[in-house]
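Have a look at the structure below before the remarks.
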Amino acid sequence: MAEHKSVQRNLELQREWYGEPLGDRVRRLVVAFRISQAQLAEVLGISAPMLSQVMSGRRAKIGNPSVLARLVMLERKVLVPGVAAGESEAIQAALADVRDSRPSVGRDTLPVMGANGEEAAWPVLRGTAKPSELEAAAALIDGRYPALAGLLRRAASGEPA
């Protein structure tokens with residue numbers, strides 16, 4: 001029973017620190033990149049048993065800031081068009097890029113995002129279309145999809161909601 005309480009406490013801490021349990025985040029990456037947990041652990045630079053402990057809530061946090069930075073990098077790589085399309089070469093390139101990275105994590109290098117983190121999508125949208133095209137697309141879908149139209153407008157202007 002004590003272990004169950006400890007796991008529940010750790011999962012609550014993960015929600016507080018990371019926005020959700022790390023197991024949820026890791027499972028999405030395993031699916032998106034079509035790899036095993038052990039392969040993901042290798043990409044992140046953490047042992048497979050350690051990753052398993054963090055995922056299950058037996059450990060509350062990822063102690064190495066570089067590992068956490070690589071996790072965030074990999075989450076962002078899901079937005080790369082080739083990765084999002086499931087292209088094997090793009091997936092392998094993204095995994096290699098993250099595995100080979102040596103992120104420097106400090107107070108001044110962490111990105112600042114809005115409450116919902118939508119700004120992470122802006123570079124992808126801006127890389128796909130000009131601001132005028134994003135505005136035009138927003139106008140086309142505004143009646144049926146106002147939230148998505150708003151995202152496109154904010155991406156076009158670079159202004160938070």
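The values are calculated or read from the model by the stated rules, or taken from the named source; none is laboratory data. All of these numbers come straight from a predicted model, not from anything done at the bench. Cβ sites come from the backbone with ideal geometry, for glycine too, and all protein chains shown count toward neighbours. Remember, those area values only see protein heavy atoms, side chains included, never the ligands or the DNA or RNA. Shrake-Rupley method; radii C 1.70, N 1.55, O 1.52, S 1.80 Å.
Points to keep in mind about this one:
- Search result, residues across the stretch 71-96 that are free of Cβ contacts under 8 Å to residues at least 24 places away in the same chain, open to solvent by 70 Å² or more (accessible area, probe 1.4 Å) and within 16 Å of the chain's Cα centre (by Cα): A84
- Residue match in the stretch 9-19 (condition: of a type in the set (K, R), closer than 22 Å to P65 by Cα, touching a residue at least 12 places away in the same chain (Cβ under 8 Å) and surrounded by fewer than 14 Cβ atoms within 10 Å (Cβ to Cβ)): yes
- Checked against the criterion of being at pLDDT below 90 and more than 19 Å from the chain's Cα centre (by Cα), the candidates A121, A136, A161, A155 yield just one match: A161.
- Applying the criterion of being among the acidic types (D, E) and farther than 22 Å from P81 by Cα to the residues of the stretch 122-161, the residue that is most open to solvent (accessible area, probe 1.4 Å) is E159.
- In this entry, S66 is excluded by the filter for residues that are at pLDDT 95 or above and polar (S, T, N, Q).
- Within the stretch 17-31, the set of residues being of a type in the set (G, A, S) and out of contact with any helix residue (DSSP H, G or I) (no Cβ under 7 Å at 6 or more places or on another chain) comprises G19 only.
- Residue satisfying all of: in the stretch 40-70; in a helix (DSSP H, G or I) and of a type in the set (S, T, N, Q); nearest to the chain's Cα centre (by Cα) among these: S66
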